[in-house]
Amino acid sequence: MKANDYIAIEKQYAANTYKPLEVVLEKGEGVWVYDVEGKKYLDCLSAYSAVNQGHCHPRLIKVIQEQAQQLTLTSRAFYNNKSAMFYKKLCESTGYDMAIAMNSGAEAVETAIKTARKWGYQVKKVEPDKAEIIVCHGNFHGRTITIVGFSSESQYKADFGPFSHGFVTIPYGNAKALEAAITPNTVAFLVEPIQGEGGVIVPPMGYLKKAYQICQRHQVLFMADEIQTGLGRTGNLFACDHERVRPDVMILGKALSGGFYPVSAVLVDKAVMGLFRPGDHGSTFGGNPLAAAIATEALAIITDDGIIENSNQLGMYFQERLAEIPSPYIKEVRGRGLLIGMELTAEAGGARRFCEALQDKGILCKETHHHVIRFTPPLVVTKEIIDWALERITEVLVDVQ
Ligand SMILES: Cc1ncc(COP(=O)(O)O)c(C=O)c1O
């Protein structure tokens, strides 16, 4: 079958909730993906930063094959050898006391919200049902009802109400607004260190530190959603590391499994996580032996293989070179590490057509927020490949009329 045949079938049978580029992929290896007609592309999206380790990493293939023949799912009704070792590795690699494993990113965010509320009622002694969580304008934390309920994006919530109460929205990047919004009922501040889906919005340097200090002063948990920014993407293990901030609650997903399996987690110290009791929370698949084996190895690849430093070095290089492209359509290039956004001018006519032109040249990118092209290759990319991509990106930005 040809690409168009697959596209027609998917359009007929799958819910129309995305607007993919017209490319049908069948194989991935490192930074490269191949379509059903054999054309090779540089993946500059990395499944929204879930394949930081590169596609089909050989170490992960080995682990998934071995573990699939051993034990895949027990539920948490029983202990299993892989989960225990995963929790240990996760906590030791990140410096948190405890973790809870879930599946999707949105589930981890929901889990963090429950964690903060429980702590608010039991430790901060907020009156029953009065807990408030402060969130930021432009946030993206997933697609559950609770989470879209506090999105500022009207399409994410239109026709999906009613929503949960207890969320207060403030401008992103403004620490004073955070302090002003805190009340005795505030239990947590939920923030992305860089807003990825919001258009790769990088807050002013010092913002995270100030926000963290304000949270500390007011007995409010600082909860970082590092589902997209974490695990090396920004050139540090976590984006909060750039400001030496250690969030009270760390939320991870995506690259935690190197793209092999949905694995997410919430990391918290014992004083907070220790409040959970049997029956308070759960997930049939969360932290299952297959997920745990994959995530243990995926985490090891991130921390062992020098790819965090690669992301840091090549991220700076890529960003600088992109900013030098002489195109009237480029308004700004921003980001940190290999989380890079190129914002186009209003005259450019939207980022989509540039993504389509890049596809023709063998580079897969996706527009975010209409005017931003996101460049987020797997962190195992090399300088030579970035130079190869820059030539093509330049042609597209200079030639497209
Ligand atoms: C910052 C952030 N939080 C949460 C999510 C939701 O993750 P998932 O799609 O796995 O539910 C995403 C996904 O893009 C994200 O970027």
Problem set entry | Dipole moment magnitude, nearest 20 debye, segment 58-304 about Cα centre, only Lys, Arg, Asp, Glu C-beta charged | 400
Seminar exercise, completed: Along segment 27-35, Karplus-curve 3J(HN,Hα) (6.51, -1.76, 1.60; θ = phi - 60°) to the nearest Hz, with x for Gly and Pro, reads 8, x, 8, x, 8, 9, 10, 10, 8
Problem set entry | Volume per residue of the C-alpha convex hull in segment 89-157, rounded to whole Å³ | 118
Exercise. Within segment 1-64, which GluC sites (Glu not before Pro) sit in a loop by DSSP and count at most 16 neighbouring Cβ atoms inside 10 Å?
Worked result: Glu22, Glu37
Exercise. Using unit Cβ charges (K, R positive; D, E negative) and no other charged atoms, how large, in debye to the nearest 20, is the dipole of segment 33-79 about its Cα centre?
Worked result: 160
For this session: Step through the residues of segment 384-393 one at a time and calculate ³J(HN,Hα) from phi using the Karplus curve (6.51 cos²θ - 1.76 cosθ + 1.60, θ = phi - 60°), rounding each to whole Hz and writing x for Gly and Pro.
Result: 4, 5, 5, 5, 4, 5, 4, 4, 6, 5
Seminar exercise, completed: segment 32-155, Kirkwood Rh and Cα Rg, ratio Rg/Rh at 1.05
Problem set entry | Heavy atoms of His281 accessible to a 1.4 Å probe, total area in Å² rounded to 10 | 60
For this session: Could you tell me which of Gly30, Tyr41, Trp119 has its Cα farthest along the dipole of segment 1-141 towards the positive end, charges placed at Cβ (Lys, Arg +1; Asp, Glu -1), taken about the Cα centre?
Result: Trp119
For this session: Measure nothing but the geometry: give the 0 to 90° angle between the long axis through the Cα atoms of 3-13 and the longest principal axis through the Cα atoms of the chain, rounded to 10°.
Result: 40
For this session: Evaluate the charge dipole of segment 1-131 about its Cα centre and quote only its size in Debye, nearest 20, assuming +1 on the Cβ of each Lys and Arg and -1 on the Cβ of each Asp and Glu.
Result: 560
Exercise. Relative to the longest principal axis of the chain, what angle (0 to 90°, nearest 10) does the C-alpha long axis of helix 289-304 take?
Worked result: 70
Problem set entry | Convex hull volume per residue in cubic angstrom - Cα atoms of segment 58-304 | 126
Problem set entry | Degrees, to the nearest 10: 105-122 long Cα axis against longest axis of the chain | 20
For this session: Hey, can you grab everything whose amide H is under 5 Å from the amide H of Phe167? Only 5+ residues off in sequence or another chain; H modelled, so Pro and N-termini drop out.
Result: Ile133
Problem set entry | Heavy-atom accessible area per residue - segment 62-142, 1.4 Å, Å² | 53
Exercise. How many lysine pairs does segment 1-83 hold where the Cα atoms are under 29 Å apart and the two sit 8 or more places apart or on different chains?
Worked result: 19
Problem set entry | Computed [θ] at 222 nm, deg cm²/dmol, the chain (DSSP H ≥ 4; -39,500 (n - 2.57); rounded to nearest 500) | -11000 deg cm²/dmol
For this session: Could you list the square roots of 5 times each eigenvalue of the Cα gyration tensor of segment 133-220, that is, the equivalent ellipsoid semi-axes, sorted largest first and rounded to whole Å?
Result: 22, 17, 9
Exercise. Comparing Leu71, Leu231, Leu322, which has the greatest mean-square fluctuation in the GNM of the chain with Cα pairs linked when under 10 Å apart?
Worked result: Leu71
Problem set entry | Sequence-distant lysines (8 or more away, or on other chains) whose Cα lies within less than 23 Å of Lys331 | Lys361, Lys366
For this session: Considering the options Ser164, Met205, Ala50, tell which one lies farthest towards the positive end of the dipole of the chain, charges being +1 on Lys and Arg and -1 on Asp and Glu at the Cβ, about the Cα centre.
Result: Ser164
Problem set entry | For the chain, share of DSSP beta bridges that run antiparallel, in % to the nearest 5 | 65
Problem set entry | Heavy atoms of Asp5 accessible to a 1.4 Å probe, total area in Å² rounded to 10 | 70
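The values are calculated or read from the model by the stated rules, or taken from the named source; none is laboratory data. Please read all numbers here as calculations on a predicted model, not as lab measurements. Every residue, glycine as well, gets a Cβ built from its backbone with ideal geometry; the counts of neighbours run over all protein chains shown. What goes into the accessible areas is simple: the full protein's heavy atoms, side chains included, and nothing from ligands, DNA or RNA. Shrake-Rupley method; radii C 1.70, N 1.55, O 1.52, S 1.80 Å.
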